[in-house]
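Asker: Below is one structure. I have some questions about it.
The values are calculated or read from the model by the stated rules, or taken from the named source; none is laboratory data. Quick caveat: nothing in here was measured; it's all calculated off a predicted structure. Ideal geometry is used to build each Cβ from the backbone, glycine not excepted, and the neighbour counts take in all protein chains shown.
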Amino acid sequence: MSCAMLASCSHSEEKVRVHTALIEPTTFCVAPILNFSGELTLDPIKLADLLASELTYVDGATVLPVSRVVAALAARGRTQIESTEEALAIAESVGADAIIVAGITEYDAYTPTIGVAMQIYSVRLPVSMGMDSSTIAREARPTSMVNELDDPRRPTGEVQVIYNANHAYVVDAVKAYADDRKEELQMGYKQYLKVQTLYIRFVWHNAVTRLLAQQRCLRTELAGLESMEHPI
């Protein structure tokens, strides 16, 4: 993928706050959140419910209840996703086009600081793209090990971000998020920095926006490459 395209999409994604339009309508499911932070008070299912809620703000997205994923995992004797194969199998079993698997990598309730890693695995890719999953997987992971590049089970998109409220650009993003939501809060945007659930909502929303903008950027470029290979 060209550096110019990546730079362009990284810049433009910041303008997308609430509605990140999908190329085609997509049914998502969300896995219970993985916790790598060491913070024992985090509830993986409640966190997944908050992420699923933020996904409903995406134009063209249908979001399945997290409880369906929990039930599908329970049927396998699991409480969380443990492999790529399992992610795809669970998504298919609940009738989703894609599954989002996310983890908390860092957590400090007092700053607040939340680190997240988020991946999307696509069971059914948009047919209008005319591409197979291995093509998208190769483009989504340009820095992968060579022996992994042809693996169609790779995530079709991933982001890893640390949201530290000590940083001005994070506070600016919180303000923009609060402005778009137009909620009547006693402390205004600052309430998003004080209330755990609100800050987590902001984090999920921003990470989802980045993830879907990355996917849209990728697929747009791949579509351009496809048209160059097969000119009319």
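Asker: Against the condition in contact (Cβ under 8 Å) with a residue 24 or more places away in the chain and touching a Cys at 6+ places or on another chain (Cβ under 7 Å), how does Leu55 come out, does it pass?
Answerer: No: the conditions fail for Leu55.
Asker: Still on this model: Which count do you get for residues in the stretch 145-202 that are modelled with pLDDT of 80 or more, hydrophobic (A, V, I, L, M, F, W, C) and part of a loop (DSSP other than H, G, I, E, B)?
Answerer: 2
Asker: Taking Tyr107 as meeting all but one of (1) modelled with pLDDT of 95 or more; (2) surrounded by 15 or more Cβ atoms within 10 Å (Cβ to Cβ); (3) part of a loop (DSSP other than H, G, I, E, B), write down the number of the exception.
Answerer: (3)
For (1) among the small types (Gly, Ala, Ser); (2) touching a strand residue (DSSP E or B) at 6+ places or on another chain (Cβ under 9 Å), each residue gets a yes or a no:
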{"position": "Ala72", "(1), (2)": "yes, yes"}
{"position": "Arg78", "(1), (2)": "no, no"}
{"position": "Ser83", "(1), (2)": "yes, no"}
{"position": "Leu88", "(1), (2)": "no, yes"}
{"position": "Ser93", "(1), (2)": "yes, no"}
{"position": "Asp97", "(1), (2)": "no, yes"}
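Asker: If we keep just the residues of the stretch 58-70 that are assigned to a helix (DSSP H, G or I) and either touching a strand residue (DSSP E or B) at 6+ places or on another chain (Cβ under 9 Å) or of a type in the set (S, T, N, Q) (or both), which is surrounded by the fewest Cβ atoms within 10 Å (Cβ to Cβ)?
Answerer: Once the filter is applied, the top-ranked residue is Ser67.
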